[in-house]
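Read through the structure below, which is laid out as structure tokens, and then see the notes.
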Amino acid sequence: QVQLVESGGGLVQPGGSLRLSCTASGRTSSFYTMGWFRQAPGKEREFVAAITWTGGTTTYADSVKGRFTISRDKAANTVYLEMTTLKPEDTAVYYCHEGVTVQLVAAGRGNYWGQGTQVTVSS
């Protein structure tokens, strides 16, 4: 059973930056994709970014392209989401998600979810 634990959320002013981390444990395969989703109050959970573990190929939602960067540290079994130029509309609970392929992860149809970490962008 894979467990995903997020950290790094918090309160940040508009225009600021924040880095989220998601550390995985219990993994038995080397072929998978990890991603980030977010869910704002009253809205559906939406895809943010994904990265393939072996090749490091990245995919982003249009709303975060150029502002967010996903990366991974294989040795630490950790995926990061570097968020810059944050806007109030980025306020949400951010979830880590893992699955076999980019297509499944981006659709929210992977295998595992983290518990979420709150990001609030406000002055």
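Ignoring ligands, DNA and RNA, please state the percent of accessible area on the range 56-123 from carbon and sulfur, probe 1.4 Å.
Of the solvent-accessible surface of the range 56-123, carbon and sulfur hold 47 percent.
Count neighbours as other Cβ atoms within 10 Å of each site's Cβ, and list the trypsin sites (Lys or Arg not before Pro) in the range 65-108 that are DSSP loop with at most 11 such neighbours.
Here the sparse-neighbourhood loop sites are K65, K74.
Report the residues of the range 52-67 in range of a label on E82: point 7 Å along Cα→C-beta, backbone N strictly under 13 Å from it.
What the label zone holds, given the 13 Å backbone N cut-off, is 66-67.
If you count only protein heavy atoms with a 1.4 Å probe, what accessible area per residue comes out for the chain, rounded to a whole Å²?
50 Å²
Starting from the Cα of K65, draw a straight line to each of the lysines and keep only those under 20 Å, dropping any in the same chain fewer than 8 residues away.
Filter leaves K87.
Quick one: compute the contact order of the chain, relative version, from alpha carbon pairs under 8 angstrom and 6+ residues apart, as a percent.
This gives 35 percent for the chain.
Using Stokes-Einstein with the Kirkwood hydrodynamic radius over Cα pairs, what translational diffusion coefficient do you get for the range 1-104 at 4 °C and a viscosity of 1.567 mPa s, in µm²/s rounded to a whole number?
So the translational diffusion coefficient is about 93 µm²/s.
The values are calculated or read from the model by the stated rules, or taken from the named source; none is laboratory data. Predicted model only: the values in this text are computed from it and were never measured. Here the Cβ is made from the backbone with ideal geometry for all residues, glycine too, and neighbour counts use every protein chain on show. What goes into the accessible areas is simple: the full protein's heavy atoms, side chains included, and nothing from ligands, DNA or RNA. Shrake-Rupley method; radii C 1.70, N 1.55, O 1.52, S 1.80 Å.
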